[in-house]
Amino acid sequence: MTKNNLMNTYKRYDVNFEKGVGAKLYDVDGNEYLDFVAGVATNCLGHSNPVIINALLKQSAKLMHISNYYWNSNSINLAEILCQNSDHEKAFFCNSGTEAIEAALKLARKYGRLNGTEEKNKIIYMNNSFHGRTMGALTVTGQKKYKENFTPIMGGVDSVNFNDIEEIESIFNDNVCAVILEPIQGEGGVILAQIDYLRRVRELCDKYNSLLIFDEVQCGIGRTGSFFAYKKFGIIPDVVCMAKALGGGFPIGAIIANSKSCSAFVPGDHGTTFGGNPLACAVSCAVLTELIEGGIIDSVDEKSKYIFHKLNNLKQRYSVINEIRGMGLLIGMVMKIDSKTFVDECFNEGLLLVCAGENVVRLIPPLNITMDEINIAINILEKVLLKFC
Ligand SMILES: *Cc1c(COP(=O)(O)O)cnc(C)c1O
């Protein structure tokens, strides 16, 4: 098998996966791995979950795709589930995280125009953030390595340091149409927003009639132990972007917006061919129903407590661990050694992990991970930690 026809955009491990069951993955040679990456917080119900398979089979035999010229019940139902579980009024569907960001940015620009002058177009974003790879999302991504080779990018943006109240106060004015931030910076290294900071940003957005956009692409859909991360922080954004776990592994993205902001879009303002297709929405409805009614989200706090306890125990005994941080099942182990080397060693022992930010090892298992599987992961971590002593 030649691998030469895939574009050189990813640095991949030398493994070829063939199937997965729950939190276990199997490569073409039959080797087993414990998956604490979960498609980067996407496979919230693990692999081969019957709930997802059934929804896919049933819906694909009926109707996969029509067009947004017509209605379909699945997108109506999915929008209803999202709005019932949030403080928001309307949903827009797309196909990925970066597309959810684009939709939010466009909504913000339109909102600014309707509620101010042409100059009300400024979008404030956070340093160290990650919002995706398309040009708009890239523009508000606060990490040089992702954007430096692709300039010029979109204008009308300003960056500030995350969690720095004085800085955002100093640049805020009537020309700001939106602030976009991740309540937990994921790729940036599992860094939590401070509640005081979010509260102040909320106040500033209210004062200047600007939209507060939360990017919950990674931290939303149960990952923190509540349906949306913003509920854990107690600050309600105007717009929430989501994707990753929304389809449990099937591609779908969305934004939800409150009554103040959602009416800015009218027919013709925004759209996407595949967005809200009956198949993706059927799968997503099944995933969300299972997460909520199957008690999966409710189980996250307990699992989180257990895994934090175990990891803090390792931290006490192995000085190469600097800090354990995060929320729910979005966890960062800040290392004093090179995190990539550590993740590679865990891979060799059959545990999949992913790096984030500066020397952070991310643990993002499926939300239906079992306590036994957590114990297996902890044992592998300890085995690898011993090599670095
Ligand atoms: C993954 C991610 C994105 C981009 O999502 P894609 O589906 O890869 O386009 C945006 N924001 C955050 C916080 C993410 O973690």
>> Please list 3J(HN,Hα) in residue order for segment 27-34, calculated via the Karplus relation 6.51 cos²θ - 1.76 cosθ + 1.60 where θ = phi - 60°; whole Hz, with x for glycine and proline.
In response: 8, 5, 8, x, 6, 9, 10, 9
> Ignoring ligands, DNA and RNA, what percent of the 1.4 Å accessible area of the chain is carbon and sulfur?
Replying inline: 50 percent
> Got a sec? What order do D29, D215 fall in by accessible area at 1.4 Å, biggest, i.e. largest, first?
Replying inline: D29, D215
>> Can you tell me which of K144, K315, K303 moves the most in a GNM of the chain? Springs connect C-alpha atoms under 10 Å apart.
In response: K144
>> Below 12 angstrom from the Cβ of N128, what's the summed charge of the other residues (Lys, Arg +1; Asp, Glu -1)?
In response: -2
>> Can you give the local net charge around K3? Use residues other than it whose beta-carbon is closer than 12 angstrom to its beta-carbon, Lys and Arg +1, Asp and Glu -1.
In response: 0
> Which distance in Å, rounded to a whole number, links the C-alpha centroids of segment 140-192 and segment 342-389?
Replying inline: 30 Å
> Could you give the distance between the Cα centres of segment 16-85 and segment 257-298, to the whole Å?
Replying inline: 14 Å
> What percent of all Cα-Cα pairs in segment 1-100 falls in each 5 Å bin, counting up from 0?
Replying inline: 2, 8, 12, 15, 18, 16, 12, 9, 4, 1, 0
>> Please give me the summed charge of the neighbours of N313: other residues whose Cβ is under 13 Å from its Cβ, Lys and Arg +1, Asp and Glu -1.
In response: +3
> If amide H atoms are built 1.01 Å from N in the plane of the peptide, which residues on other chains or at least 5 residues away come under 5 Å of the amide H of N322?
Replying inline: V334, M335, K336
>> At 20 angstrom or more along the helix axis (alpha-carbon based) and mean Kyte-Doolittle of -1.0 or higher, what helices does the chain contain? Whole DSSP H runs only.
In response: 97-115, 278-293, 296-317, 371-387
>> Under the 0.36 nm per residue contour assumption, what length would be gained going from the current alpha-carbon distance of K387 and V15 to full extension?
In response: 131.6 nm
> Pairs K24/K231; K305/K340; K62/K110; K24/K106; K145/K336: which are spaced more than 28 Å apart, C-alpha to C-alpha?
Replying inline: K24/K231; K62/K110; K24/K106
>> Looking at the chain only, what percent of DSSP beta bridges run antiparallel? Nearest 5 please.
In response: 65 percent
> Once the whole set of protein chains is in place, how much accessible area is left on T9, using a 1.4 Å probe, in Å² to the nearest 10?
Replying inline: 90 Å²
> In nm, what is the difference between 0.36 nm times the number of residues separating I337 and K145 and their Cα-Cα distance?
Replying inline: 67.0 nm
> Highest mean first, what order results for 156-165, 43-52, 90-99 on Cβ atoms within 10 Å?
Replying inline: 90-99, 43-52, 156-165
> So how exposed is L63, as accessible area in Å² (1.4 Å probe, rounded to 10)?
Replying inline: 70 Å²
>> If each residue of separation counts as 0.36 nm, what is the full-extension length gain between N127 and K90 once their alpha-carbon separation is subtracted?
In response: 10.4 nm
> Given Cα pairs under 8 Å that are at least 6 residues apart, what percent is the relative contact order of segment 52-293?
Replying inline: 30 percent
> Packing-wise, with mean Cβ within 10 Å as the measure, how do 74-82, 232-240 rank, highest first?
Replying inline: 232-240, 74-82
> Tell me, what ³J(HN,Hα) does each residue in segment 40-46 have, in order and in whole Hz, if you take phi through Karplus 6.51 cos²θ - 1.76 cosθ + 1.60 with θ = phi - 60° and put x for Gly and Pro?
Replying inline: 6, 6, 9, 7, 5, 9, x
> Each residue of segment 208-221 in order: what ³J(HN,Hα) in whole Hz does its phi give by Karplus 6.51 cos²θ - 1.76 cosθ + 1.60, θ = phi - 60°, with x for Gly and Pro?
Replying inline: 9, 6, 10, 8, 9, 10, 9, 8, 10, 4, 9, 8, x, 6
> Considering only protein heavy atoms, what is the solvent-accessible area of R109 at a probe of 1.4 Å, reported in Å² to the nearest 10?
Replying inline: 60 Å²
> Using only the Cα atoms of the chain, what do you get for the radius of gyration and for Dmax, in Å?
Replying inline: 20.8, 62
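The values are calculated or read from the model by the stated rules, or taken from the named source; none is laboratory data. Predicted model only: the values in this text are computed from it and were never measured. Note: ideal-geometry Cβ built from the backbone for every residue, glycine included; neighbour counts use all protein chains shown. Just so you know, the surface numbers come from the protein's heavy atoms only, side chains and all, with ligands and any DNA or RNA stripped out. Shrake-Rupley method; radii C 1.70, N 1.55, O 1.52, S 1.80 Å.
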